[in-house]
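**Student:** Dropping the structure in here first, questions after.
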Amino acid sequence: MALSGPFVPRDFLFAIAIGLLLGGACWAGDDSRFAFLRVLANTAGPWILIAFLCGSRSNAALPGAALGAVALLGAILGYYLSIELFDAEQAAKRVSLDAGTNWAIAALPVGVFFGACGAAWSAGFVLPLALGILGGVLFGEGLLLLSDNPTADLDYLVVPVAGIAAGFAIPNMLVERRQAAWAILIVAIVGPVAVFVERGLLDHVRGVTG
């Protein structure tokens, strides 16, 4: 995989657009009457998948990383812009300015990392590692959700179970069998580590934002 490559404007417009849509969807999901949509709206899985997807539009590391970062910053903007436009009570408390800034700082390196993973997959570079890390984070988040609420009803459990399934299914769908076996091994290793990393990150940002 090349380090540098062309920065294609339409790819960045795509990243911004899909990020804004993701942010708006997460804001809407917060108030859904369905538990699985509320849970999904507050998970990292869709965000890292979007960063990976946008990064995969390039096969070079730097443009891929930039696309992933732009997508997640667009998602932060979409979420807090929705608050400003449609939630006058929250907007009056300056939640958008304070919390949005801290979440953007947290999202930036995540977008860079998974955007680069997407570019690596697009370039056919270290495929088991790129997909193993992606799947491992989805697996880890599923474990985290299950550990946080082990007695939840089925409406809640749909999300962590789907996350765990996706974590192991993605390598099988995106690479040939021998490489998928290595990727699945990485998923199994990364998953438990991701539980502690994500819990620490979320606790830190939520502590700062209140």
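The values are calculated or read from the model by the stated rules, or taken from the named source; none is laboratory data. Predicted, not measured: the structure shown is a model, and the values here were computed from it. Don't worry about glycine lacking a Cβ; one is built from the backbone with ideal geometry, like all the others, and counts go over all protein chains shown.
**Student:** What pairs come up if the first residue lies in region 1-25 and is free of Cβ contacts under 8 Å to residues at least 60 places away in the same chain, the second is in a loop (DSSP other than H, G, I, E, B) and buried (at least 17 other Cβ atoms within 10 Å of the Cβ), and their beta carbons are under 6 Å apart, counting only those six or more places apart or on different chains?
**Tutor:** Filtered contacts from region 1-25: G5/S58; D11/R57.
**Student:** I've got another one for you. Considering only region 110-132, state which residues are surrounded by fewer than 23 Cβ atoms within 10 Å (Cβ to Cβ), in contact with a helix residue (DSSP H, G or I) (Cβ under 6 Å, 6 or more places away or on another chain) and at pLDDT 95 or above.
**Tutor:** V112
**Student:** Would you confirm whether or not region 58-70 contains a residue that is at pLDDT 90 or above, touching a Lys or Arg at 6+ places or on another chain (Cβ under 9 Å), within 17 Å of L134 (Cα to Cα) and not assigned by TED's automatic domain parsing to the domain that holds P171? Even if it seems obvious, please write down each step before you answer.
**Tutor:** The initial filter retains those residues of region 58-70 that are at pLDDT 90 or above, namely 58-70.
Adding the requirement that they be touching a Lys or Arg at 6+ places or on another chain (Cβ under 9 Å) leaves 63-64, 67.
This time we only want the ones that are within 17 Å of L134 (Cα to Cα), so: 64, 67.
With the extra rule that they be not assigned by TED's automatic domain parsing to the domain that holds P171, the set shrinks to 64, 67.
Taking every residue of region 58-70 in turn, at least one turns out to be at pLDDT 90 or above, touching a Lys or Arg at 6+ places or on another chain (Cβ under 9 Å), within 17 Å of L134 (Cα to Cα) and not assigned by TED's automatic domain parsing to the domain that holds P171.
**Student:** I've got another one for you. Does any residue of region 163-172 turn out to be among the aliphatic types (A, V, I, L, M), out of contact with any strand residue (DSSP E or B) (no Cβ under 6 Å at 6 or more places or on another chain), surrounded by fewer than 18 Cβ atoms within 10 Å (Cβ to Cβ) and at pLDDT below 90?
**Tutor:** Looking through region 163-172, none of the residues is among the aliphatic types (A, V, I, L, M), out of contact with any strand residue (DSSP E or B) (no Cβ under 6 Å at 6 or more places or on another chain), surrounded by fewer than 18 Cβ atoms within 10 Å (Cβ to Cβ) and at pLDDT below 90.
**Student:** Of these, L20, L40, L67, which one is in contact with an Asp or Glu (Cβ under 9 Å, 6 or more places away or on another chain) and either among the hydrophobic types (A, V, I, L, M, F, W, C) or surrounded by fewer than 18 Cβ atoms within 10 Å (Cβ to Cβ) (or both)? Reasoning before the result, please.
**Tutor:** Numbers: L20 fails: in contact with an Asp or Glu (Cβ under 9 Å, 6 or more places away or on another chain); L40 fails: in contact with an Asp or Glu (Cβ under 9 Å, 6 or more places away or on another chain).
Just one listed residue meets the conditions, L67.
**Student:** Related question: Residue pairs, Cβ under 8 Å, 6 or more apart or interchain, first in region 181-210 and assigned by TED's automatic domain parsing to the domain that holds L131 and part of a helix (DSSP H, G or I), second loosely packed, with under 14 Cβ neighbours inside 10 Å and modelled with pLDDT of 90 or more. List them.
**Tutor:** Close Cβ pairs satisfying both conditions: none exist.
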